[in-house]
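Taking it in order: structure first as structure tokens, then the write-up.
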Amino acid sequence: MAPAITPTPQLAQSLKQLRLSGMLATLDARLAQATSGELGFLDFLQTLCLDEIDRRQTNKHQRLIRQARFTMSHATIETFNLTIDPGIPAAQIRDLSALAWLAKGQHVIITGPVGSGKTHAATALGHQAIRHGHTVRFTTTSRLLADLAGGHADRTWTKRLTTYTRPSLLIVDDWAMRELTGPQADDLYELITDRTAKPNNRSIILTTNRDPKDWYPLFPNAVVAESLFDRLINNAHHIPITAPSYRARQRPTTPVS
């Protein structure tokens, strides 16, 4: 048996300086494989390169997940029981998970009753986008409006707006839950106008309890509402979830004695 090869401190330091710590983490194991004859010279180098690529992809994926700020971080396509109720448009959701709509700058509007799985579906599509290297930002409508309102107060509005206009995909949960003030409607108009501006149209996912036709009365200015919705609705895939509350199914029951 050939003697084991131990990496020198100088080699370890060189790999760190080159930011190749993925190689460093698996170097001992790869050296053992090379020493035993499992890996030739070129295979050894190629395997180390793949280790580094895997590390970088994993780190990038984790960073994008953190930046997305999902409230349901583990809600993926794989964890979504699409067959639990016929009211869930499973085929449509699976088709959307291929992300052709994202490449075209189209939008997704997910409607349905409370607890029916709208947020899970939206988050799952967000995870799919991240898997393909896209940046994603998740927020609720109330948090979005509060954040932008704070920007008006401390003069950081433009900077705050950028955090929602820059990502490849913006997910806005609980859209159209209540009437808007004039400043809130104006903030949403600026946000959506920026994201839907050609040629770099960037996609938006909205989850809502209301049908789009019922959004108009929530806006104090009908002209602003019409312009805003024209940009969204006419370029969006509509996903209606008619299933009853999933959370209601999970409600504990008291056995009858």
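Mind checking which of Trp175, Ile110, Leu45 is farthest towards the positive end of the chain's charge dipole, using Cβ charges of +1 (Lys, Arg) and -1 (Asp, Glu) about the Cα centre? Toward the positive end, the furthest listed residue is Leu45.
The charge dipole of the chain, taken about the Cα centre with unit charges on the Cβ atoms of Lys, Arg (+1) and Asp, Glu (-1), comes to about 320 debye, rounded to the nearest 20. Between Ser227 and Arg143, what is the FRET efficiency for a Förster distance of 22 Å, r being their Cβ-Cβ separation, to the nearest 0.05? The pair Ser227/Arg143 has a calculated efficiency of 0.35. The mean sequence distance of close C-alpha pairs (under 8 Å, at least 6 residues apart), as a share of the length of the chain, puts its relative contact order at 23 percent.
Taking each DSSP H run with n ≥ 4 as -39500 (n - 2.57) and averaging over every residue of the chain yields -15500 deg cm²/dmol at 222 nm. Averaging Cα coordinates gives a centre for segment 83-139 and one for segment 190-236; these two points are 18 Å apart. If R0 is taken as 22 Å, the Cβ-Cβ distance between His61 and Ala103 corresponds to a FRET efficiency of 0.70. For the chain, leaving out every one of the GluC sites (Glu not before Pro) that falls in a DSSP loop and has at most 16 other Cβ atoms within 10 Å, the longest unbroken run is 79-178. Where (i) 179; (ii) 239; (iii) 139 are the candidate values, the label of the one calculated here for volume of the Cα convex hull per residue in Å³ is (ii). A dipole drawn for segment 90-248 from +1 and -1 charges on Cβ atoms has a positive end, and of Ile241, His127, Pro217 the residue lying farthest that way is His127.
Pairs of Cα atoms nearer than 8 Å and 6+ residues apart set the relative contact order; for segment 9-68 it is 33 percent.
Every number in this text was worked out from the coordinates using simple rules, so none of it is lab data. Source: prediction; values computed, not measured. Glycine also receives a Cβ, built like all others from the backbone with ideal geometry; neighbour counts cover every protein chain displayed.
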